[in-house]
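Structure record follows, encoded as structure tokens.
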Amino acid sequence: SRLKTLYIKNMVCNKCIMVVEGLFIKHGYKPISVFLGEVHLTESPNVKANDLIKNELVSYGFSLIDDRKSQLISVTKAEVIKWIQDYNFTNTPLKFSVFIENKLGKDYTYLSNLFSDVEGQTLEQYLILQRIEKVKELLVYDELSLSDIAIKTGFSSGAHLSTQFKKVTG
């Protein structure tokens with residue numbers, strides 16, 4: 001049978017993945033895999049189950065995404081978050097634009113323009129916001145210096161990080 005992928009808006013962490021996976025299991029659909037923004041099933045939920053799942057997703061702050069452009073934006077957002085969580089910035093730097101083009105097989109300019117049109121902010125602004133969220137997480141949970149956090153999150157220096165942090169958070 002053919003793999004069915006559903007796209008879910010607002011999945012941003014591992015806890016989100018657990019909640020969404022549990023929701024599908026509760027309604028009798030064991031996902032093959034669940035990633036940020038995506039659920040892979042062997043079959044589509046029937047109409048009744050689909051409506052129940054949609055309503056329950058909304059109650060948790062998520063939603064099913066139906067149109068292709070919104071799906072691409074959702075996947076792009078998930079890849080931004082994965083990149084920030086997983087990329088080792090201390091090695092040879094890889095430009096985000098190259099990473100996202102390779103990952104999604106789409107031109108960066110196209111993705112960036114689509115993102116701006118749909119989200120009302122640039123892809124670069126979204127990337128910076130997500131990097132700052134990671135910085136906040138590291139400030140709270142790690143015992144790293146500001147310079148180490150800057151390196152770990154891809155900022156050129158502690159001063160650059162401080163400037164961006166202040167710009168974003170006020």
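I need a count of the residues in the range 134-170 that are outside any loop (DSSP other than H, G, I, E, B), without any contact (Cβ under 8 Å) to a residue 40 or more places away in the chain and of a type in the set (D, E, K, R).
The number of residues fulfilling the criteria is 5.
Just wondering, is there one or more residues in the range 119-127 that are part of a helix (DSSP H, G or I), modelled with pLDDT under 90, open to solvent by 40 Å² or more (accessible area, probe 1.4 Å) and under 19 Å from SER74 (Cβ atoms)?
Within the range 119-127, one or more residues are part of a helix (DSSP H, G or I), modelled with pLDDT under 90, open to solvent by 40 Å² or more (accessible area, probe 1.4 Å) and under 19 Å from SER74 (Cβ atoms).
Report, by residue number, each residue of the range 1-58 that is aromatic (Phe, Trp, Tyr) and open to solvent by 90 Å² or more (accessible area, probe 1.4 Å).
PHE35
Kindly list, by first and then second residue, each pair from a residue in the range 57-69 that is within 13 Å of VAL39 (Cβ to Cβ) to a residue that is in a helix (DSSP H, G or I) and charged (D, E, K, R), limited to pairs with Cβ atoms under 8 Å and residues at least 6 apart or on different chains.
SER63/LYS54; LEU64/LYS54
Out of the range 130-168, which residues are closer than 22 Å to LYS95 by Cα, open to solvent by less than 70 Å² (accessible area, probe 1.4 Å) and among the hydroxyl-bearing types (Ser, Thr, Tyr)?
Once the filter is applied, which keeps residues that are closer than 22 Å to LYS95 by Cα, open to solvent by less than 70 Å² (accessible area, probe 1.4 Å) and among the hydroxyl-bearing types (Ser, Thr, Tyr), the range 130-168 yields SER147, THR153, SER157, SER162.
Read through the list (1) surrounded by fewer than 18 Cβ atoms within 10 Å (Cβ to Cβ); (2) closer than 26 Å to PHE96 by Cβ; (3) touching a residue at least 40 places away in the same chain (Cβ under 8 Å), then give the number of the only condition that LYS77 fails.
Looking at each condition in turn, LYS77 falls short on (1).
Are there any pairs with C-beta distances below 9 angstrom linking a residue in the range 8-34 that is under 15 Å from ASN55 (Cβ atoms) and basic (Lys, Arg) to a residue that is open to solvent by less than 20 Å² (accessible area, probe 1.4 Å) and part of a loop (DSSP other than H, G, I, E, B), with the two at least 6 apart or on different chains, and if so which?
Short answer, once both residue conditions are applied: LYS9/GLY37; LYS9/PHE62.
Determine whether LYS106 is open to solvent by 80 Å² or more (accessible area, probe 1.4 Å), in a loop (DSSP other than H, G, I, E, B) and in contact (Cβ under 8 Å) with a residue 12 or more places away in the chain.
It is true that LYS106 is open to solvent by 80 Å² or more (accessible area, probe 1.4 Å), in a loop (DSSP other than H, G, I, E, B) and in contact (Cβ under 8 Å) with a residue 12 or more places away in the chain.
The values are calculated or read from the model by the stated rules, or taken from the named source; none is laboratory data. Since the structure is predicted, the reported quantities are computational estimates derived from the model, not experimental observations. Glycine gets a Cβ as well: all are built from the backbone with ideal geometry, and neighbour counts include every protein chain shown. Side chains included, ligands, DNA and RNA excluded: accessible areas come from the protein's heavy atoms. Shrake-Rupley method; radii C 1.70, N 1.55, O 1.52, S 1.80 Å.
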